[in-house]
Every structure is written in C-alpha cells, then in structure tokens.
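The structure appears below as structure tokens.
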Amino acid sequence: MMLTKKSGARREGRITRHDLLEEIGLATRGDESGSPGSSPASTRLDGLWGVEYVVAYMTDHLVTDYLLETHDLTKQFAGFVAVNGVSLRVRKGEIHALIGPNGAGKTTCFNLITKFLQPSSGSIVYAGRDITRQSAGSVARMGLVRSFQISAVFPHLTALENVRLALQQPTGLTFSFWKPTRVLDRLHGRARELLEAVGLSQYADTIASEMPYGRKRALEIATTLALEPELMLLDEPMAGMGHEDIARVSDLIRKVSENRTVLMVEHNLEVVATLSDTITVLQRGQILAEGAYEQVSNDPAVREAYMGTGGD
Ligand SMILES: Nc1ncnc2c1ncn2[C@@H]1O[C@H](COP(=O)(O)OP(=O)(O)OP(=O)(O)O)[C@@H](O)[C@H]1O
Ligand SMILES: [Mg+2]
C-alpha cells in the first residue's frame, strides 16, 4: 500500500492513524483524536482493525523518513569512551544540529559517520544501507559529504579553480583530460554556477588566500556542493566568524538545505535556534536531549550542562 503522506505529517515523519484512514477514504472528524476503537470509521473497520494496526506499525517502522540513523554508536580511545551508545536519527530534508559542551563527542560522531573513524561498536545506516563497514570514499560517493573533507581549499588557487578542482574529484562530475572541450566548458559553467549559488561570483578570479574569512567558508561550501551531497555535514561552520559573516553563512546554509539534508555541529546557539529543525544535545558521549529548540533549551538537564554545573 503506497501512502501519499500529507505535508504536515511528512514533516513530522510519522503517519498517524488518521492519515491511514484518510488514505483509504474512511477518515471522519472523530478520527482526529487518534483514539482507537471509538470512532465510526473504526466501527466500519471492525474486522479490519488488526490489518490497520499492522499497516500502521509497518509504516512507522519500515517506511521511515530518516536519511541517516546510527544505532548504539560507540567509540573508545584506549579505554576512554568518547561516544557512548549514540542512536541518532536525521530526518530527510531537515537541518539537524548536534550540540553539547566541549569534549562531548560531537566531532568524534562526525568522524564515525563519515567513516574517518571506525566505530568500536554499533552501526550506521545511510539512505537505507548499512555503511558501518564502508570506506570514507565510498560513503562520500553515496552523497554523505563532510564540508572540510575535500575543501582543503587550496590557498594559491582562485575561487573558480578551487571549485573546478572539486568538480574533478571522482565524486564530482566525471572529468578526463582527454574529454572534448565541451565537457570542460560544462565543468567551467558548473563551477561558475556553484560560485554564484554561494554568492561568490565577484570572487571567481580571486586567489583563495586573499579572500575574507567568511567568504573562504562560503568557498568551502561551494567545493562541498560540487560533490552533490545528499547529506552535508558541517562541523562548526561559524567558528571564528564575525556577525556579518555569520548572517551570510546562515543564509547560505538555509539556502543549500532546501534540497538536501544538513547535519551540523555548532556552538553558536543563536544560529542553532534559527536554523535547526531538530537538535540533539550530547554530553559525555551520550544523548542528553533531543527535539526542537524550544523543547531542548527548556530542558533542565540541558540548562545544567550548559551552565557548567553538570560537571563537564
Ligand atoms: N583520537 C583520539 N584519541 C583519544 N581521545 C580522543 C581522540 N579524539 C577525541 N578524543 C577525546 O574524546 C572526547 C570527545 O572529543 P570530540 O572532539 O569528539 O568532542 P567535541 O564534542 O567535538 O568537542 P569540541 O566542542 O571541543 O569540538 C574528548 O575528551 C577528546 O579528548
Ligand atoms: Mg569538535
């Protein structure tokens, strides 16, 4: 049974019982409550209740909207548990922030997810495939790309040359020296498009090292976009930036997230509050809280962790 989820439910990532009834044309106002067994539709479904329940169960458990899931992810360094049983679920299309005090294990989580580190235990599922044993290169080719992993922005090259180089990576547009000129033209055209997308058109011929700091981060994002990420991981994209750059890069992240999923580590809580759909708070390697900003920021345990009285 194919369910065409309504956008509201889709955003929530769950299909409710009401959605199911609506789908098969049996929804009534009474079903909005979701209480089983009381509505006229349920009466009509009497004998079908078991079937409905099974479909609802399968929908909730098998047809997920999660692009990335980690299950009990754990990483030990010589006996020290840096990441401890983290089960993270990143919903497709969202901006998901991973926050927490220094040393909480955020970057280690990123390293595990992007396969820069091998987990001690646990598993990682990306786009429905178990990637726990895959290499960093192969997950990047699957569209799971971390911002700085290729954007070693070459300081002596221009912005345009940097983006073109990123497009020439095996994970970007296929490139060969012997390809006809029109292919190279396409490459050039795509590089200019990407620079425009991140607001760097006027910097195309500027040597990267001579660009202002915030613009360099935008260039990094352009080189990441060259790899056509489906899930883009950003580790502290605002680090070291002033107000103006923060606003500009925030806008940029929002823009690039329109047709992809973003998982980011960020210490600037104002940025986290404005950008994120979902926030996971890590503390000492474990998930402390998860939810929308209002929910997480009002959580007493989170407040304690951030005030430092939690002992981190
Ligand atoms: N390669 C390693 N060997 C040993 N310990 C490590 C290693 N990498 C990280 N750690 C330790 O694991 C813990 C988590 O580090 P991690 O860098 O993931 O934290 P973080 O949440 O990213 O912190 P920050 O906010 O400061 O960037 C820290 O105590 C750190 O010292
Ligand atoms: Mg870190």
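The values are calculated or read from the model by the stated rules, or taken from the named source; none is laboratory data. Bear in mind that the values here come from a model prediction, so they are computed numbers and not experimental data. Using ideal geometry, Cβ is built from the backbone for each residue, glycine included, and neighbour counts are taken over all protein chains shown.
Some notes on this structure:
- For residue 116, the requirement of being within 22 Å of residue 136 (Cβ to Cβ), at pLDDT below 95 and within 16 Å of ligand 2 (Cβ to nearest atom) is met.
- Odd one out for residue 159, checked against (1) in contact with a Leu (Cβ under 6 Å, 6 or more places away or on another chain); (2) modelled with pLDDT of 95 or more; (3) within 16 Å of ligand 2 (Cβ to nearest atom): (3)
- Scan of the stretch 294-304 for residues that are over 25 Å from residue 144 (Cβ atoms) and in contact (Cβ under 8 Å) with a residue 12 or more places away in the chain, ordered by number: 297, 299, 301, 302
- Hey, residue 312 among the charged types (D, E, K, R), modelled with pLDDT of 90 or more and out of contact with any Phe, Trp or Tyr (no Cβ under 8 Å at 6 or more places or on another chain) or not: no
- Residue check, residue 152 part of a helix (DSSP H, G or I) and modelled with pLDDT under 95: no
- Residue count for the stretch 228-246 under the criterion of being of a type in the set (A, V, I, L, M, F, W, C) and at pLDDT 90 or above: the result is 5.
- Out of 223, 206, sole residue that is at pLDDT below 95 and more than 20 Å from residue 94 (Cβ to Cβ): 223
- Pair list, Cβ < 9 Å and 6+ apart or interchain, from the stretch 103-122 residues that are outside the structural domain of residue 283 (by TED's automatic domain parsing) to residues that are within 13 Å of ligand 2 (Cβ to nearest atom): none
- Of all residues making up the stretch 72-103, the number that are away from ligand 1 (no atom under 15 Å from the Cβ) and under 21 Å from residue 232 (Cα atoms): 9
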